[in-house]
Structure formats: C-alpha cells, structure tokens
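Working notes, structure below.
The values are calculated or read from the model by the stated rules, or taken from the named source; none is laboratory data. As the structure is a computational prediction, the values presented were derived from the model and not from experiment. Virtual Cβ from ideal backbone geometry, glycine too; neighbours counted across all protein chains shown.
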Amino acid sequence: MEIKVLGGCCGNCDTVMKMVADKAAALGVEISLEKVTDMAAILGYGVMSTPGVVIDGKVVHAGGIPKPSQVEVWLKG
Amino acid sequence: MEIFTQFADWLVYGVLGLAPATPLSGALQFFVEDVGKIFFLLILVVFVIGFFRSMLAPERVRKMLGGRNRWFSFPAAVGLGAVTPFCSCSSVPLFIGFLEAGIPLGVTMAFLITSPMINEIAVFLLISTLGLEFTVVYVVTGLVVGLVGGLVIDRLRLEHWVEDYVWKIRMGETALPEGPHGLRDRLNYALEQVREIVGRLWLYILIGIGIGAFLHGYVPAEQLMRYAGPENPFAVPLSVLIGIPLYSNATGMIPVVEALLAKGLPVGTVLALMMSVVALSLPEMMMLKKVLKWQLLVVFISVLAVSITLVGYLFNAIF
C-alpha cells in the first residue's frame, strides 16, 4: 500500500505521518510512507487545505488530522 | 459569566488571601477570571460549531468563486473568508488554487485578508466578553478592510508581481472526502475539533491573557492614556506599526483588547492594534513571499496598513 501525506510546514503533517506509521505497525500492514511538500504536487492532487492523505493515488482526506478510526479503515481496506 | 469573576475573587482574595486593589492581586484576578472564561467559551463554541459543521472547506469556496464576475465574487470572497477556517500553512496552496481556478488576484487577496481577521470562534468570544457593539464594529470594519484591500490590488493590476511558477501549476480534480454522518460521528468529529483547535490556540490565548493581566494590574491608566490616548494624534498609526511584527490570532487578542478598553483607550486605536496584529504578521508575510514578488508584498502590507489606520481614525472620530 502506497501512502502519501501532503503538507508543508505545520506540525500537523508530522502528526499524521506518525499516526499512519504507528497504526500500520500495530496492524502489521506493509506500507510505503512518503511526505509530499512540493506545492505543484499537492495541488496536482486537487488539495488546497493540508494535511491531506493519498492512498494508492487516491485522495482520501484533506484539511486536518484524520480520526484514528479512519486511519484504521484505510489501512484495512 | 459572573461565575468566573466570583471564582477568581474567591481564589485570589479568599484562598490566597491577597489584599484587593494591589497590582499583583489585580493582575492575578484578571488572569484567573479570563483563563476560566475564555477557555470555557472556546471549548463550548468549537464543540457546537463542530457538531453542526458549519465550517466550509476552502476547496468548496474555490468552486463557488471560480468563473464568476467581480460584482459577485468580491463580496462573496470577504463573506466566505469570514466563515472559512484554514491554518496559515495553507495560505500558499490556497492562493495558488484560487488563481488557478481563474479567481482574480484582488478577490483572492480579499479572501486572504478577511479570513484570519474574522472567524466564528472570535465572533462568539467577542460578543460574550466585549459586548455586541464592539463585535459588530469589528466584523463590519474587518469586511470593509478586506473588500477595499482586494479592490485596490485589483485596480492596480499587479498580476505580473506574482511569482511566475504560480501561473504554471495545474490543479487536479478535487475529490473531497465526505463529512461526518449520524449523531455519534458528529459528536466524535466535534470532540476532535475541540482537541485540534484548542491545541492550536491555547498558547496564544494564555500569552494574550498574560499581557492583558499585566496591563490590567501594573500599567497605570494615566500613563497609557498619555501615549495612546486621544491626545496623541499618531496613536493609531503607531498601534498599526507595533502590530505588524507581532502575531496572534483573533481569539488570543481578546484579553489584551479587553484590558486596553477597560483602561479607557479609544476604540479606534484598540481596533487598529487588534487588526494589525491579526491580519499583518511576519509568519504570514514569509508564507506569502513564496508566491508574491517583494513588490506585491510591499503593496499588500501598505494597502492593509493604510486601510486599518483609516478605520482607526474613523472610529476614534465617531465614538
């Protein structure tokens, strides 16, 4: 599973990175995690409010920290 | 809000046994009362708004403003700016996204000016701490400053002072995830919002209350009036200048404004300080520098500073 966290400067993006990494480790799901900070790339996904989350090329979340339960659903799906 | 005053009196004068009307007890009383009052209101307001989810996503605003004529888009941008929350990190992608949708530069600027100044959280807190009158004045002037700032930048035709790479970015199709459904989901979402927003704001608010408490207890009204009172014709531009390097969000400024107004400072001067601190700030400028050439940044700052100064003078003359 390929997961990208979209976001530039604020601590929120790192919080999301950690959330996803921890959940994946806890569930034993194999993922590749990447942080995208390039504006052109972020907007290319149609996201203006960060942090955003992209899973296998599809935007699943934008504008804020997702709920832990949400992250679990993504990782299991 | 009487209960918070009583609690602060009880704690400071009763439990701690401090004598009333000294600088220390006055400052402490102000601090305790405002910490209780402002955090209680903040949590309540954020929870209620989160529950009803009246907050708009910037992606939606972009769709509403794209391809409309200026008669619609200018008032809509300042209005939507007031009800759309976004963290200052998002101002760059937001700026690019708006321009890419064909929204004029002036309209985008109007949105960026209004958004930090007015938001529903600040409005509710202003009403309950400073009263309806000050709140209405603040909101209306905030909208006017956003509108005027945007219109001036639009008239000047400064598109060539936007960084060139901005115009080359193409935005993908927005696929917005859905919002919460059902009671349980909404409650969870609201609690999550409280955690996130209070987590982001608490430090600004505590510092604001600290400054307010210090002003309240230790700074004599006469001294403040001598420098910033109606006698000094430059008090308004001075407060704007002081506010530029300082940054706080609108909520964090409330206790400071509260203390200054209680000292008898003119409303226009206090208003100018608050708007300058909230709307003009170094972090925001550094953010915007990524998309604006310095000439446009200077124009942006000047237009805002001048309109805030005019607003300050106007209200000093009226009240």
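Among the residues making up the range B:10-50, those that are of a type in the set (S, T, N, Q) and assigned to a helix (DSSP H, G or I) are B:25, B:29.
When we screen B:248, B:307, B:302, B:239 for residues that are loosely packed, with under 15 Cβ neighbours inside 10 Å, among the small types (Gly, Ala, Ser) and under 20 Å from the mean Cα position of the chain (by Cα), the only hit is B:302. Yes or no: residue B:162 over 26 Å from residue B:77 (Cα atoms), in contact with a Leu (Cβ under 9 Å, 6 or more places away or on another chain) and hydrophobic (A, V, I, L, M, F, W, C)? Here the answer is no, as residue B:162 does not meet what is asked. When the test is whether a residue is farther than 17 Å from residue B:143 by Cα, touching a residue at least 60 places away in the same chain (Cβ under 8 Å) and β-branched (Val, Ile, Thr), residue B:308 does not pass it. Within the range B:91-123, the set of residues being assigned to a loop (DSSP other than H, G, I, E, B), surrounded by fewer than 24 Cβ atoms within 10 Å (Cβ to Cβ) and of a type in the set (A, V, I, L, M) comprises B:101, B:103.
Selection of first residues in the range B:93-108 that are at negative phi and within 10 Å of chain A (Cβ to nearest Cβ) and of second residues that are of a type in the set (D, E, K, R) and not in a helix (DSSP H, G or I), restricted to Cβ pairs under 8 Å at least 6 apart or on distinct chains, gives the following pairs, ordered by first then second residue: B:100/B:170.
Residues considered: A:32, A:69. Of these, the only one that is more than 7 Å from chain B (Cβ to nearest Cβ), of a type in the set (S, T, N, Q), over 30 Å from residue B:283 (Cα atoms) and in contact (Cβ under 8 Å) with a residue 24 or more places away in the chain is A:32.
The residue of the range B:205-234 that is surrounded by the fewest Cβ atoms within 10 Å (Cβ to Cβ), among those that are in contact (Cβ under 8 Å) with a residue 24 or more places away in the chain and not in a helix (DSSP H, G or I), is B:230.
For the range B:21-63, the set of residues classified as surrounded by fewer than 20 Cβ atoms within 10 Å (Cβ to Cβ) and among the small types (Gly, Ala, Ser) consists of B:21, B:25, B:26, B:36, B:54, listed by residue number. When residue B:267 is tested against (1) over 16 Å from the mean Cα position of the chain (by Cα); (2) β-branched (Val, Ile, Thr); (3) closer than 18 Å to residue B:285 by Cβ, only condition (3) is not met. Counting residues in the range B:189-204 that are over 20 Å from residue B:303 (Cβ atoms), in contact (Cβ under 8 Å) with a residue 40 or more places away in the chain and of a type in the set (Asp, Glu) gives one or more. Residues in the range A:39-77 that are surrounded by fewer than 17 Cβ atoms within 10 Å (Cβ to Cβ), modelled with pLDDT of 85 or more and in a loop (DSSP other than H, G, I, E, B): 2 in all.
In the range B:279-319, which residues are at pLDDT below 90, closer than 30 Å to residue B:167 by Cβ and among the aliphatic types (A, V, I, L, M)? Hits for the range B:279-319 are B:279, B:280, B:282, B:285, B:286, B:287, B:288. Filtered by the rule that a residue be within 20 Å of residue B:252 (Cα to Cα) and β-branched (Val, Ile, Thr), the range B:1-47 gives B:5, B:32, B:35, B:38, B:43, B:45, B:46.
Being assigned to a loop (DSSP other than H, G, I, E, B) and not hydrophobic (A, V, I, L, M, F, W, C) holds for only one residue in A:34, A:30, and it is A:30.
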